[in-house]
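Everything on this sheet refers to the single structure shown next.
The values are calculated or read from the model by the stated rules, or taken from the named source; none is laboratory data. Here the structure is a predicted model, which is why all the values come from computation and not from measurement. Reconstructed Cβ throughout: ideal geometry from the backbone, glycine too, with neighbour counts over all protein chains shown. The protein model used for the area step is the full one, side chains on, heavy atoms only, and it has no ligands, DNA or RNA in it. Shrake-Rupley method; radii C 1.70, N 1.55, O 1.52, S 1.80 Å.
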Amino acid sequence: MICCRPSRRDLIRWSAVVAGASLVPALDGTAARAADDVRPVNLELVTVTETTAVLTWYTGVPGTDDGLGRMKPAASDAQVVYGTHPSRLTRSAHGPSGTPYHYVELTDLEPGQTYYYKALSRGRAATPTFLAFGQSAGTPQGDVFAFTTPQPPPGRHLFSIALCNDLHLGETVAGLVGQLPWIKGIEQVPGHPPYPELMARALVADAKARGARYLLAAGDITSEAAPVDLASAKSILDTFGTLGSDYLVARGNHDRAHSGERYASCTPGEHQGNDCYKDAFSSSGETYFAQTLNGLRVIGLDTYDKPGNGGDAGGLSPSQEAWLQAELKKDPDRPTIVFGHHPLFVENDPLAVTGTRSMDASQSLRILTAYNRTPGVFLHHAGHTHRNQRSVFPLAPRLVQQEVGAVKEYPGGFTLLRVHTGGYALNFYKTRSDEARAWSERSRQELAGQWPQLSLGNRPTDRNSTTPRDLTGLTP
(Lines give C-alpha, C1' and ligand atoms only; values in the text may rest on other atoms or scores of the structure.)
Protein backbone atom coordinates (compact mmCIF):
# COMPACT_ATOMS: atom_id res chain seq x y z
CA MET A 1 0.00 0.00 0.00
CA ILE A 2 1.45 3.33 -1.06
CA CYS A 3 -0.37 5.91 1.04
CA CYS A 4 -2.37 5.80 4.21
CA ARG A 5 -5.72 7.53 4.26
CA PRO A 6 -7.37 7.94 7.65
CA SER A 7 -9.64 5.13 8.73
CA ARG A 8 -13.30 5.73 9.50
CA ARG A 9 -12.43 5.39 13.17
CA ASP A 10 -9.74 8.10 12.86
CA LEU A 11 -12.17 10.43 11.10
CA ILE A 12 -14.73 9.92 13.86
CA ARG A 13 -12.05 10.68 16.48
CA TRP A 14 -10.98 13.79 14.58
CA SER A 15 -14.58 14.99 14.23
CA ALA A 16 -15.00 14.62 17.97
CA VAL A 17 -11.89 16.70 18.58
CA VAL A 18 -13.13 19.54 16.36
CA ALA A 19 -16.68 19.39 17.67
CA GLY A 20 -15.36 19.47 21.24
CA ALA A 21 -13.07 22.44 20.74
CA SER A 22 -14.40 24.09 23.87
CA LEU A 23 -13.24 21.08 25.89
CA VAL A 24 -9.60 21.36 24.84
CA PRO A 25 -8.54 23.74 27.64
CA ALA A 26 -9.62 21.16 30.18
CA LEU A 27 -7.91 18.36 28.28
CA ASP A 28 -4.58 20.13 27.99
CA GLY A 29 -4.56 21.30 31.60
CA THR A 30 -4.97 25.03 31.06
CA ALA A 31 -7.93 25.65 33.38
CA ALA A 32 -7.09 28.86 35.29
CA ARG A 33 -7.69 30.23 38.74
CA ALA A 34 -9.51 33.54 38.73
CA ALA A 35 -6.71 35.16 40.69
CA ASP A 36 -4.04 34.39 38.06
CA ASP A 37 -3.04 37.41 35.99
CA VAL A 38 -0.86 35.49 33.51
CA ARG A 39 -1.22 31.97 32.25
CA PRO A 40 1.50 30.35 30.07
CA VAL A 41 0.04 27.96 27.47
CA ASN A 42 0.69 26.45 24.02
CA LEU A 43 4.12 25.12 24.92
CA GLU A 44 5.80 23.49 21.91
CA LEU A 45 9.14 21.79 21.45
CA VAL A 46 9.57 22.97 17.88
CA THR A 47 13.16 22.16 16.98
CA VAL A 48 15.64 19.59 18.31
CA THR A 49 19.11 19.26 16.79
CA GLU A 50 22.14 17.46 18.17
CA THR A 51 23.19 20.58 20.14
CA THR A 52 20.12 22.86 20.33
CA ALA A 53 16.39 22.93 21.10
CA VAL A 54 13.78 25.63 20.47
CA LEU A 55 10.71 26.08 22.69
CA THR A 56 7.81 28.47 22.18
CA TRP A 57 4.74 29.37 24.25
CA TYR A 58 2.19 32.11 24.88
CA THR A 59 1.09 34.06 27.96
CA GLY A 60 -2.43 35.44 28.28
CA VAL A 61 -4.84 36.94 30.78
CA PRO A 62 -7.05 34.22 32.29
CA GLY A 63 -10.78 34.67 31.87
CA THR A 64 -10.50 36.96 28.84
CA ASP A 65 -11.26 36.43 25.15
CA ASP A 66 -9.69 38.40 22.32
CA GLY A 67 -12.57 37.57 19.97
CA LEU A 68 -10.77 34.60 18.42
CA GLY A 69 -11.31 32.17 21.28
CA ARG A 70 -7.97 32.72 23.04
CA MET A 71 -6.91 34.74 26.06
CA LYS A 72 -5.90 38.32 25.49
CA PRO A 73 -2.11 38.54 25.32
CA ALA A 74 -0.17 39.38 28.49
CA ALA A 75 3.52 40.28 28.41
CA SER A 76 5.73 38.27 30.71
CA ASP A 77 9.19 36.80 31.19
CA ALA A 78 10.36 33.50 29.67
CA GLN A 79 12.65 30.98 31.36
CA VAL A 80 13.48 27.34 30.70
CA VAL A 81 15.13 25.34 33.45
CA TYR A 82 16.62 22.04 32.31
CA GLY A 83 19.10 19.31 33.04
CA THR A 84 19.97 15.68 32.46
CA HIS A 85 17.96 14.38 35.43
CA PRO A 86 14.27 15.19 36.10
CA SER A 87 14.97 16.29 39.68
CA ARG A 88 18.10 18.32 38.85
CA LEU A 89 17.18 21.11 36.46
CA THR A 90 20.41 22.99 37.08
CA ARG A 91 20.72 24.93 33.82
CA SER A 92 18.66 27.91 32.75
CA ALA A 93 17.95 29.79 29.51
CA HIS A 94 15.90 32.94 28.97
CA GLY A 95 13.96 34.50 26.15
CA PRO A 96 13.10 38.18 25.72
CA SER A 97 10.87 39.62 28.45
CA GLY A 98 8.03 42.03 27.88
CA THR A 99 6.26 39.92 25.25
CA PRO A 100 3.44 37.35 25.30
CA TYR A 101 5.08 35.43 22.42
CA HIS A 102 7.94 33.46 23.89
CA TYR A 103 10.85 31.87 22.01
CA VAL A 104 13.70 30.27 23.95
CA GLU A 105 16.62 28.43 22.37
CA LEU A 106 18.74 26.00 24.38
CA THR A 107 22.32 25.74 23.14
CA ASP A 108 25.47 23.74 23.88
CA LEU A 109 23.54 20.51 24.34
CA GLU A 110 25.25 17.13 23.98
CA PRO A 111 24.32 14.76 21.12
CA GLY A 112 22.48 11.61 22.15
CA GLN A 113 21.58 12.98 25.59
CA THR A 114 18.15 13.02 27.24
CA TYR A 115 17.19 16.36 28.78
CA TYR A 116 14.36 17.27 31.15
CA TYR A 117 12.86 20.74 31.32
CA LYS A 118 10.18 23.15 32.49
CA ALA A 119 9.16 26.32 30.67
CA LEU A 120 8.19 29.11 33.07
CA SER A 121 6.61 32.56 32.97
CA ARG A 122 6.33 34.41 36.27
CA GLY A 123 7.27 31.14 37.91
CA ARG A 124 4.29 29.29 36.43
CA ALA A 125 4.88 26.21 34.28
CA ALA A 126 3.66 26.45 30.69
CA THR A 127 1.17 23.82 29.59
CA PRO A 128 1.54 22.18 26.17
CA THR A 129 -0.50 22.52 23.02
CA PHE A 130 -3.05 19.73 23.04
CA LEU A 131 -2.61 17.29 20.14
CA ALA A 132 -5.15 14.49 19.78
CA PHE A 133 -2.69 12.18 18.03
CA GLY A 134 0.72 13.24 19.29
CA GLN A 135 2.84 15.21 21.73
CA SER A 136 3.78 18.84 21.22
CA ALA A 137 6.26 19.49 24.05
CA GLY A 138 8.22 16.26 24.42
CA THR A 139 7.53 13.25 26.62
CA PRO A 140 5.77 14.02 29.94
CA GLN A 141 7.79 12.84 32.94
CA GLY A 142 5.78 13.82 35.99
CA ASP A 143 5.85 17.61 36.20
CA VAL A 144 8.60 17.98 33.56
CA PHE A 145 9.03 17.14 29.88
CA ALA A 146 11.83 15.14 28.27
CA PHE A 147 13.49 15.03 24.86
CA THR A 148 16.61 13.34 23.49
CA THR A 149 19.03 15.05 21.15
CA PRO A 150 20.02 13.03 18.06
CA GLN A 151 23.49 12.22 16.84
CA PRO A 152 24.63 14.59 14.07
CA PRO A 153 24.53 13.39 10.45
CA PRO A 154 27.71 11.42 9.68
CA GLY A 155 30.66 13.19 8.11
CA ARG A 156 31.42 16.86 7.75
CA HIS A 157 28.88 19.58 7.07
CA LEU A 158 28.84 20.75 3.45
CA PHE A 159 26.04 23.31 3.14
CA SER A 160 22.46 24.03 4.25
CA ILE A 161 19.27 24.68 2.29
CA ALA A 162 16.11 26.38 3.56
CA LEU A 163 12.98 24.52 2.39
CA CYS A 164 9.82 26.61 2.43
CA ASN A 165 6.41 26.94 0.79
CA ASP A 166 3.04 28.67 0.91
CA LEU A 167 3.98 32.34 1.25
CA HIS A 168 0.62 33.49 -0.24
CA LEU A 169 1.63 37.11 -0.92
CA GLY A 170 -1.55 39.14 -1.38
CA GLU A 171 -3.71 37.06 0.96
CA THR A 172 -5.72 39.01 3.54
CA VAL A 173 -7.67 36.28 5.39
CA ALA A 174 -6.01 33.08 6.62
CA GLY A 175 -7.70 29.76 7.31
CA LEU A 176 -10.53 29.76 4.77
CA VAL A 177 -10.25 26.00 4.29
CA GLY A 178 -11.94 24.91 1.07
CA GLN A 179 -13.90 28.20 1.00
CA LEU A 180 -16.41 26.58 3.37
CA PRO A 181 -18.83 29.31 4.54
CA TRP A 182 -18.93 28.13 8.16
CA ILE A 183 -15.14 28.32 8.56
CA LYS A 184 -14.14 31.65 10.11
CA GLY A 185 -10.89 33.08 8.80
CA ILE A 186 -8.31 35.10 10.71
CA GLU A 187 -7.29 38.62 9.71
CA GLN A 188 -4.29 40.68 10.73
CA VAL A 189 -4.68 43.19 13.56
CA PRO A 190 -5.62 46.55 12.00
CA GLY A 191 -2.62 48.81 11.53
CA HIS A 192 -0.11 45.95 11.39
CA PRO A 193 1.77 44.97 8.22
CA PRO A 194 0.11 42.42 5.91
CA TYR A 195 0.94 39.05 7.39
CA PRO A 196 2.23 37.36 4.21
CA GLU A 197 4.82 40.10 3.76
CA LEU A 198 6.03 40.16 7.35
CA MET A 199 6.23 36.35 7.48
CA ALA A 200 8.14 36.21 4.18
CA ARG A 201 10.63 38.81 5.40
CA ALA A 202 11.06 36.90 8.65
CA LEU A 203 11.66 33.72 6.62
CA VAL A 204 14.53 35.30 4.69
CA ALA A 205 16.09 36.81 7.81
CA ASP A 206 15.96 33.57 9.78
CA ALA A 207 17.06 31.34 6.90
CA LYS A 208 20.16 33.49 6.47
CA ALA A 209 20.77 33.62 10.23
CA ARG A 210 20.52 29.81 10.45
CA GLY A 211 23.23 29.45 7.81
CA ALA A 212 21.20 28.54 4.71
CA ARG A 213 23.32 28.84 1.57
CA TYR A 214 20.34 28.17 -0.72
CA LEU A 215 16.56 28.50 -0.48
CA LEU A 216 13.91 26.41 -2.25
CA ALA A 217 10.34 27.78 -2.28
CA ALA A 218 7.84 25.04 -3.19
CA GLY A 219 4.87 26.92 -4.55
CA ASP A 220 1.93 29.12 -3.66
CA ILE A 221 4.26 32.08 -3.61
CA THR A 222 1.19 34.29 -4.05
CA SER A 223 -2.49 34.18 -3.20
CA GLU A 224 -3.77 34.44 -6.79
CA ALA A 225 -0.76 35.28 -9.01
CA ALA A 226 -1.52 38.99 -9.30
CA PRO A 227 1.43 40.85 -10.89
CA VAL A 228 1.80 43.19 -7.90
CA ASP A 229 1.98 40.23 -5.49
CA LEU A 230 4.46 38.34 -7.66
CA ALA A 231 6.65 41.46 -7.78
CA SER A 232 6.41 41.82 -4.00
CA ALA A 233 7.32 38.16 -3.48
CA LYS A 234 10.32 38.42 -5.78
CA SER A 235 11.55 41.61 -4.14
CA ILE A 236 11.46 39.89 -0.72
CA LEU A 237 13.13 36.70 -1.95
CA ASP A 238 15.75 38.79 -3.74
CA THR A 239 16.97 39.92 -0.33
CA PHE A 240 18.11 36.32 0.17
CA GLY A 241 20.14 36.27 -3.05
CA THR A 242 19.84 35.81 -6.79
CA LEU A 243 17.01 33.87 -8.43
CA GLY A 244 18.35 30.79 -10.19
CA SER A 245 21.60 30.54 -8.28
CA ASP A 246 20.87 31.33 -4.61
CA TYR A 247 17.16 30.59 -4.51
CA LEU A 248 14.82 28.54 -6.70
CA VAL A 249 11.04 28.74 -6.95
CA ALA A 250 8.43 26.17 -8.03
CA ARG A 251 4.85 27.04 -8.94
CA GLY A 252 1.80 26.10 -6.87
CA ASN A 253 -1.89 25.94 -7.72
CA HIS A 254 -2.44 29.49 -6.47
CA ASP A 255 0.29 30.69 -8.85
CA ARG A 256 -1.39 29.17 -11.94
CA ALA A 257 -2.37 31.23 -14.97
CA HIS A 258 -5.47 33.37 -14.39
CA SER A 259 -8.02 35.21 -16.50
CA GLY A 260 -9.25 38.75 -15.97
CA GLU A 261 -8.31 42.36 -16.47
CA ARG A 262 -5.51 42.50 -13.91
CA TYR A 263 -3.72 39.62 -15.68
CA ALA A 264 -4.13 41.05 -19.19
CA SER A 265 -0.53 42.27 -19.51
CA CYS A 266 1.00 38.85 -18.77
CA THR A 267 2.14 36.11 -21.16
CA PRO A 268 -0.66 33.82 -22.40
CA GLY A 269 -0.69 30.61 -20.41
CA GLU A 270 -0.22 27.18 -21.95
CA HIS A 271 -3.48 25.85 -20.52
CA GLN A 272 -5.66 28.90 -19.89
CA GLY A 273 -5.56 32.57 -18.92
CA ASN A 274 -2.38 34.63 -18.67
CA ASP A 275 0.72 33.40 -16.87
CA CYS A 276 2.07 36.19 -14.67
CA TYR A 277 4.07 33.73 -12.58
CA LYS A 278 6.12 32.69 -15.61
CA ASP A 279 6.91 36.36 -16.32
CA ALA A 280 8.18 36.87 -12.75
CA PHE A 281 10.04 33.65 -11.99
CA SER A 282 10.89 31.81 -15.24
CA SER A 283 13.79 32.92 -17.41
CA SER A 284 13.64 29.81 -19.62
CA GLY A 285 9.93 30.00 -20.42
CA GLU A 286 9.28 26.73 -18.55
CA THR A 287 7.90 26.32 -15.05
CA TYR A 288 9.95 23.18 -14.29
CA PHE A 289 13.71 22.86 -14.32
CA ALA A 290 16.86 21.11 -13.12
CA GLN A 291 19.73 22.99 -11.46
CA THR A 292 23.01 21.91 -9.90
CA LEU A 293 24.07 23.32 -6.52
CA ASN A 294 27.47 22.19 -5.22
CA GLY A 295 27.11 18.94 -7.14
CA LEU A 296 23.54 18.40 -5.88
CA ARG A 297 20.92 18.03 -8.62
CA VAL A 298 17.80 20.00 -7.72
CA ILE A 299 14.66 19.32 -9.77
CA GLY A 300 11.82 21.83 -9.51
CA LEU A 301 8.35 20.61 -10.55
CA ASP A 302 5.25 22.52 -11.54
CA THR A 303 2.63 20.34 -9.86
CA TYR A 304 -0.30 22.28 -11.30
CA ASP A 305 0.73 22.07 -14.95
CA LYS A 306 -2.84 21.52 -16.15
CA PRO A 307 -6.14 23.32 -16.77
CA GLY A 308 -8.30 24.00 -13.74
CA ASN A 309 -9.29 26.41 -11.01
CA GLY A 310 -6.64 25.21 -8.56
CA GLY A 311 -9.09 23.43 -6.27
CA ASP A 312 -8.54 19.88 -7.48
CA ALA A 313 -5.65 17.43 -7.31
CA GLY A 314 -2.32 18.47 -8.75
CA GLY A 315 -0.67 17.00 -11.81
CA LEU A 316 2.16 17.30 -14.33
CA SER A 317 1.50 17.79 -18.03
CA PRO A 318 2.48 14.82 -20.23
CA SER A 319 5.45 16.79 -21.54
CA GLN A 320 6.66 17.63 -18.04
CA GLU A 321 6.32 14.04 -16.85
CA ALA A 322 8.31 12.82 -19.88
CA TRP A 323 10.97 15.45 -19.16
CA LEU A 324 11.19 14.34 -15.50
CA GLN A 325 11.58 10.69 -16.46
CA ALA A 326 14.34 11.59 -18.94
CA GLU A 327 16.11 13.88 -16.45
CA LEU A 328 16.22 11.15 -13.80
CA LYS A 329 17.63 8.66 -16.30
CA LYS A 330 20.49 11.00 -17.25
CA ASP A 331 22.41 10.40 -14.06
CA PRO A 332 20.54 8.03 -11.75
CA ASP A 333 23.23 7.94 -9.04
CA ARG A 334 23.71 11.72 -8.68
CA PRO A 335 22.48 13.00 -5.27
CA THR A 336 19.13 14.62 -6.10
CA ILE A 337 16.38 16.62 -4.40
CA VAL A 338 13.00 17.11 -6.04
CA PHE A 339 10.71 19.88 -4.87
CA GLY A 340 7.21 20.87 -5.93
CA HIS A 341 4.01 22.13 -4.40
CA HIS A 342 1.70 19.10 -4.12
CA PRO A 343 2.82 15.99 -2.20
CA LEU A 344 2.87 12.72 -4.12
CA PHE A 345 0.62 11.16 -1.48
CA VAL A 346 -0.55 12.33 1.96
CA GLU A 347 -0.65 10.23 5.12
CA ASN A 348 -2.54 10.75 8.38
CA ASP A 349 -4.51 13.69 7.01
CA PRO A 350 -8.28 13.92 7.74
CA LEU A 351 -8.63 16.33 4.81
CA ALA A 352 -7.27 13.72 2.38
CA VAL A 353 -10.86 12.59 1.75
CA THR A 354 -11.37 15.77 -0.30
CA GLY A 355 -9.01 14.41 -2.96
CA THR A 356 -7.33 17.79 -3.38
CA ARG A 357 -4.37 17.42 -1.03
CA SER A 358 -1.93 15.64 -3.35
CA MET A 359 -1.16 14.88 -6.97
CA ASP A 360 -3.08 12.54 -9.22
CA ALA A 361 -2.54 9.08 -7.72
CA SER A 362 -1.68 7.24 -10.94
CA GLN A 363 0.94 9.84 -11.82
CA SER A 364 2.39 9.74 -8.32
CA LEU A 365 2.77 5.97 -8.62
CA ARG A 366 4.73 6.39 -11.83
CA ILE A 367 6.95 9.04 -10.23
CA LEU A 368 7.66 6.86 -7.19
CA THR A 369 8.55 4.00 -9.52
CA ALA A 370 10.98 6.30 -11.33
CA TYR A 371 12.47 7.41 -7.99
CA ASN A 372 13.03 3.78 -7.04
CA ARG A 373 15.02 3.32 -10.28
CA THR A 374 17.05 6.43 -9.44
CA PRO A 375 19.16 5.68 -6.36
CA GLY A 376 20.44 9.25 -6.13
CA VAL A 377 17.02 10.76 -5.31
CA PHE A 378 16.83 11.03 -1.52
CA LEU A 379 14.34 13.82 -0.76
CA HIS A 380 11.04 15.11 -2.16
CA HIS A 381 10.04 18.44 -0.59
CA ALA A 382 6.37 19.42 -0.83
CA GLY A 383 4.02 22.09 0.51
CA HIS A 384 0.29 22.61 -0.10
CA THR A 385 -0.89 20.84 3.07
CA HIS A 386 0.54 23.61 5.30
CA ARG A 387 1.79 20.99 7.75
CA ASN A 388 4.94 19.19 8.86
CA GLN A 389 4.86 15.52 7.86
CA ARG A 390 7.63 13.04 7.06
CA SER A 391 6.64 10.06 4.91
CA VAL A 392 8.47 7.06 3.47
CA PHE A 393 6.60 5.00 0.88
CA PRO A 394 7.22 1.26 0.31
CA LEU A 395 7.49 1.74 -3.45
CA ALA A 396 10.57 3.99 -2.99
CA PRO A 397 11.96 3.18 0.47
CA ARG A 398 15.20 5.18 0.06
CA LEU A 399 13.21 8.39 -0.45
CA VAL A 400 11.86 10.75 2.21
CA GLN A 401 8.90 12.97 1.34
CA GLN A 402 8.96 16.00 3.62
CA GLU A 403 5.92 18.26 3.78
CA VAL A 404 6.77 21.60 5.39
CA GLY A 405 4.49 23.92 7.36
CA ALA A 406 3.43 27.15 5.66
CA VAL A 407 5.50 30.30 5.84
CA LYS A 408 2.45 32.56 6.00
CA GLU A 409 0.65 31.24 9.09
CA TYR A 410 1.04 29.02 12.15
CA PRO A 411 3.39 27.25 12.64
CA GLY A 412 5.02 29.85 10.39
CA GLY A 413 8.51 28.86 9.36
CA PHE A 414 10.77 26.69 7.24
CA THR A 415 12.77 23.47 7.36
CA LEU A 416 16.56 23.66 7.31
CA LEU A 417 18.19 20.84 5.36
CA ARG A 418 21.76 20.37 6.60
CA VAL A 419 23.78 18.34 4.12
CA HIS A 420 26.76 16.30 5.37
CA THR A 421 29.05 13.93 3.53
CA GLY A 422 27.42 10.96 5.27
CA GLY A 423 23.81 12.06 5.57
CA TYR A 424 21.46 14.93 6.21
CA ALA A 425 19.24 16.48 8.89
CA LEU A 426 15.84 18.15 8.53
CA ASN A 427 14.85 20.63 11.26
CA PHE A 428 11.77 22.85 11.28
CA TYR A 429 12.18 26.38 12.66
CA LYS A 430 9.48 28.89 13.45
CA THR A 431 10.36 32.41 12.35
CA ARG A 432 11.19 34.50 15.39
CA SER A 433 10.78 38.22 14.75
CA ASP A 434 8.38 39.97 17.15
CA GLU A 435 5.72 40.44 14.46
CA ALA A 436 6.12 36.90 13.13
CA ARG A 437 5.65 35.36 16.57
CA ALA A 438 2.56 37.51 17.18
CA TRP A 439 0.93 36.57 13.87
CA SER A 440 1.84 32.89 14.21
CA GLU A 441 0.14 32.77 17.61
CA ARG A 442 -2.90 34.65 16.32
CA SER A 443 -3.29 32.40 13.26
CA ARG A 444 -3.16 29.20 15.33
CA GLN A 445 -6.83 29.99 16.02
CA GLU A 446 -7.80 28.87 12.52
CA LEU A 447 -10.40 26.08 12.47
CA ALA A 448 -11.77 27.17 15.87
CA GLY A 449 -8.34 26.82 17.43
CA GLN A 450 -7.76 23.30 16.11
CA TRP A 451 -5.26 24.22 13.39
CA PRO A 452 -2.25 22.87 15.38
CA GLN A 453 -3.86 19.42 15.15
CA LEU A 454 -3.26 19.46 11.40
CA SER A 455 -0.18 21.60 10.97
CA LEU A 456 2.47 21.35 13.71
CA GLY A 457 3.37 17.70 13.08
CA ASN A 458 2.26 15.03 15.52
CA ARG A 459 5.53 13.09 15.71
CA PRO A 460 8.92 14.57 16.61
CA THR A 461 10.26 13.13 13.34
CA ASP A 462 7.72 15.15 11.36
CA ARG A 463 9.64 18.26 12.46
CA ASN A 464 13.15 16.92 13.11
CA SER A 465 14.95 13.93 11.62
CA THR A 466 18.43 12.69 10.69
CA THR A 467 19.09 10.24 7.86
CA PRO A 468 22.37 8.49 6.95
CA ARG A 469 23.18 8.73 3.24
CA ASP A 470 26.33 8.65 1.14
CA LEU A 471 26.66 12.20 -0.17
CA THR A 472 30.42 12.27 -0.57
CA GLY A 473 30.09 13.35 -4.20
CA LEU A 474 28.92 16.81 -3.14
CA THR A 475 31.22 19.77 -2.55
CA PRO A 476 31.21 22.32 0.28
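Quick check on my filter: what residues within segment 277-314 are farther than 19 Å from Ala225 by Cβ, among the small types (Gly, Ala, Ser) and free of Cβ contacts under 8 Å to residues at least 40 places away in the same chain?
Ala290
Restricting the search to segment 306-328, which residues are closer than 16 Å to Ala290 by Cα and either in a loop (DSSP other than H, G, I, E, B) or open to solvent by 10 Å² or more (accessible area, probe 1.4 Å) (or both)? Break it down stepwise before answering.
Start the filter on segment 306-328 by keeping residues that are closer than 16 Å to Ala290 by Cα, which leaves 316, 319-328.
Hits for segment 306-328 are Leu316, Ser319, Glu321, Ala322, Trp323, Gln325, Ala326, Glu327.
Determine the pairs where a residue that is without any contact (Cβ under 8 Å) to a residue 40 or more places away in the chain and over 24 Å from Arg463 (Cα atoms), located within segment 55-66, has a partner that is of a type in the set (Asp, Glu) and open to solvent by 50 Å² or more (accessible area, probe 1.4 Å) with Cβ atoms under 9 Å apart, the partner being 6 or more residues away or on another chain.
What qualifies is Val61/Asp37; Pro62/Asp37.
Of everything in segment 350-389 that's more than 16 Å from the chain's Cα centre (by Cα) and in a loop (DSSP other than H, G, I, E, B), which residue is surrounded by the fewest Cβ atoms within 10 Å (Cβ to Cβ)? Give the steps one after another, and end with the answer.
Looking only at segment 350-389, we keep the residues that are more than 16 Å from the chain's Cα centre (by Cα), and these are 350-356, 359-378.
Narrowing the set further to residues that are in a loop (DSSP other than H, G, I, E, B) leaves 355-356, 360, 373-376.
Numbers: Gly355: 11, Thr356: 16, Asp360: 18, Arg373: 13, Thr374: 24, Pro375: 15, Gly376: 20.
Checked segment 350-389; the qualifying residue surrounded by the fewest Cβ atoms within 10 Å (Cβ to Cβ) is Gly355.
Taking the criterion of being in contact with a His (Cβ under 7 Å, 6 or more places away or on another chain) and assigned to a loop (DSSP other than H, G, I, E, B), would at least one residue in segment 257-264 satisfy it? Outline the logic, then answer.
The initial filter retains those residues of segment 257-264 that are in contact with a His (Cβ under 7 Å, 6 or more places away or on another chain), namely 257.
Pick out the ones that are also assigned to a loop (DSSP other than H, G, I, E, B) and you get 257.
Looking through segment 257-264, at least one residue is in contact with a His (Cβ under 7 Å, 6 or more places away or on another chain) and assigned to a loop (DSSP other than H, G, I, E, B).
So in segment 197-226, with the set limited to residues that are part of a helix (DSSP H, G or I), open to solvent by less than 20 Å² (accessible area, probe 1.4 Å) and out of contact with any Gly (no Cβ under 7 Å at 6 or more places or on another chain), which one is farthest from Phe289 (Cα to Cα)? Working first, answer last.
Our first condition is that a residue be part of a helix (DSSP H, G or I); within segment 197-226, this holds for 197-209.
Adding the requirement that they be open to solvent by less than 20 Å² (accessible area, probe 1.4 Å) leaves 198-200, 202-204, 206-207.
Checking the rest, the ones that are also out of contact with any Gly (no Cβ under 7 Å at 6 or more places or on another chain) come to 198, 200, 202-204, 206-207.
Values: Leu198: 29, Ala200: 23, Ala202: 27, Leu203: 24, Val204: 23, Asp206: 26, Ala207: 23 Å.
The residue in question is Leu198.
Given the options Thr415, Thr467, name the one that is over 14 Å from the mean Cα position of the chain (by Cα), within 24 Å of Thr139 (Cα to Cα) and either at pLDDT 95 or above or among the small types (Gly, Ala, Ser) (or both). Walk me through it before giving the result.
Numbers: Thr415 fails: over 14 Å from the mean Cα position of the chain (by Cα).
Of the residues listed, the single one that is over 14 Å from the mean Cα position of the chain (by Cα), within 24 Å of Thr139 (Cα to Cα) and either at pLDDT 95 or above or among the small types (Gly, Ala, Ser) (or both) is Thr467.
What single numbered condition from (1) assigned to a helix (DSSP H, G or I); (2) within 30 Å of Thr475 (Cα to Cα); (3) not hydroxyl-bearing (Ser, Thr, Tyr) fails to hold for Asp229?
Asp229 satisfies every listed condition except (2).
Could you look through segment 95-111, keep only residues that are over 25 Å from the mean Cα position of the chain (by Cα) and closer than 16 Å to Asp434 by Cβ, and pick out the one that is least open to solvent (accessible area, probe 1.4 Å)?
Residues of segment 95-111 over 25 Å from the mean Cα position of the chain (by Cα): 97-98, 108, 110.
Restricting the remaining residues to those that are closer than 16 Å to Asp434 by Cβ gives 97-98.
Working: Ser97: 85, Gly98: 62 Å².
Residue satisfying both the conditions and the ranking: Gly98.
Let's see how each residue does on (1) over 26 Å from Gly314 (Cβ atoms); (2) in contact with a Gly (Cβ under 7 Å, 6 or more places away or on another chain):
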| position | (1), (2) |
| --- | --- |
| His384 | no, yes |
| Asn388 | no, yes |
| Ser391 | no, no |
| Pro394 | no, no |
| Arg398 | no, no |
| Val404 | no, yes |
| Val419 | yes, no |
| Leu426 | no, no |
| Ala436 | yes, yes |
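Among the residues of segment 340-349, is any touching a residue at least 24 places away in the same chain (Cβ under 8 Å), among the hydrophobic types (A, V, I, L, M, F, W, C) and outside any loop (DSSP other than H, G, I, E, B)? Before you say what the answer is, go through the steps one by one.
Narrowing segment 340-349 to residues touching a residue at least 24 places away in the same chain (Cβ under 8 Å): 340-349.
Restricting the remaining residues to those that are among the hydrophobic types (A, V, I, L, M, F, W, C) gives 344-346.
Right, trim to outside any loop (DSSP other than H, G, I, E, B) and you get none.
Within segment 340-349 (the criterion being touching a residue at least 24 places away in the same chain (Cβ under 8 Å), among the hydrophobic types (A, V, I, L, M, F, W, C) and outside any loop (DSSP other than H, G, I, E, B)), the answer is no, since none of the residues qualifies.
Which residues, counting only those in segment 151-165, are closer than 17 Å to Val400 by Cβ and either surrounded by fewer than 24 Cβ atoms within 10 Å (Cβ to Cβ) or without any contact (Cβ under 8 Å) to a residue 40 or more places away in the chain (or both)?
Pro153, Pro154, Ser160 - these are the residues of segment 151-165 that are closer than 17 Å to Val400 by Cβ and either surrounded by fewer than 24 Cβ atoms within 10 Å (Cβ to Cβ) or without any contact (Cβ under 8 Å) to a residue 40 or more places away in the chain (or both).
Look at Leu316 and say whether it is over 21 Å from Leu215 (Cβ atoms), modelled with pLDDT of 95 or more and within 26 Å of the chain's Cα centre (by Cα).
Working: over 21 Å from Leu215 (Cβ atoms): yes; modelled with pLDDT of 95 or more: yes; within 26 Å of the chain's Cα centre (by Cα): yes.
For Leu316, the condition - over 21 Å from Leu215 (Cβ atoms), modelled with pLDDT of 95 or more and within 26 Å of the chain's Cα centre (by Cα) - is met.
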